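Structure record follows, encoded as C-alpha cells.
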Amino acid sequence: MFEFIKKIPVYIYDFFISTFLTIVAHVQMIDNMDMRKGNFLDVGCGTGAPLKKIADKLETYYTKIVGVDLHPEYTDQAKKLFANDPRVEIHNCDFYEVKSVVGNRKFSSILFSFSFMLMPDHVKALMLAQSILEKDGKISFLMTLNKKPFPLLEKLKPLIKKITTVDLGKVIYEREFEEVLSIGNL
C-alpha cells in the first residue's frame, strides 16, 4: 500500500502531463527536428513515456539516447520502461550535475523536455548544455512561453505542485527566454 501511495505523483504525471501534453509535443517536435547522427540527451525525461513514444524514430539517427531527470520515482519508472533497450540510458540526476553521469560524452541533440522552466539558473543550464554539445549540435526546447504577464498562472503552478507534487516550474515569458538565448549566443 505504501508503494502505491509513494507512486501517486508518477501516476499523476503520466496521466495528466505525459499523456495529454508531453507525448503529443514530443511526437510533433520529432517530426520537425533537424536530427543528426550521434548521441541524444533528453533533459527532464520524466517517466520515459514521451521518450518511449519517439524512441523508434530516434534510433535511426542516434547511437545512444540518454535521459536524465531529477526525480527518482520518475527515473525508476523510465528505467523499467527501457530495461530491454540497450540504446537507452536513464539517469537520476540534477541537470547541473549531468557531467557526473555522462562523463566526456558529447551530444548532437539536446532536448529540454518541458524542463527548462524548472531550472533555477537558466543561463547556467544553457551554458552547461552548450559545453556537452557537439560542434554544430542542436539544442531544442519544448516549453510554454507567455507573451505578457499571466498572474493567475504564476499562482496556479505552485499550487499544482503543492497539491500533486508535480512541479510545472515557473512561468516563462518570451522576452526572458530570448534574453537567455542571446546570452548563450543561440
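Values in this text are rule-based calculations from the coordinates and carry no lab data. Because the structure is predicted, anything quoted here is derived from the model rather than measured. Don't worry about glycine lacking a Cβ; one is built from the backbone with ideal geometry, like all the others, and counts go over all protein chains shown.
Tabulated data
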quantity	calculated
Proximal charge balance of Leu181 [Cβ under 15 Å; K/R count +1, D/E count -1]	-2
Ala83 versus Lys148: modelled label distance in nm, points set 7 Å from Cα along the beta carbon direction	5.2 nm
Restricting the stretch 113-152 to trypsin sites (Lys or Arg not before Pro) in coil, as DSSP defines it, with at most 13 other Cβ within 10 Å	Lys147
Rounded to whole Hz, the Karplus (6.51, -1.76, 1.60) HN-Hα couplings of the stretch 130-136, x for glycine and proline	5, 6, 10, 8, 5, 4, 6
Surrounding net charge for Val88, when Lys and Arg each add one and Asp and Glu each subtract one, Cβ distance under 11 Å	0
Modelled FRET efficiency - R0 22 Å, Tyr61 with Lys135, Cβ distances, 0.05 increments	0.85
For the stretch 43-102, radius of gyration divided by Kirkwood radius, i.e. Rg to Rh on alpha-carbons	0.94
Extension gain (nm, one decimal) between Val101 and Ile183, 0.36 nm per residue minus Cα-Cα	26.9 nm
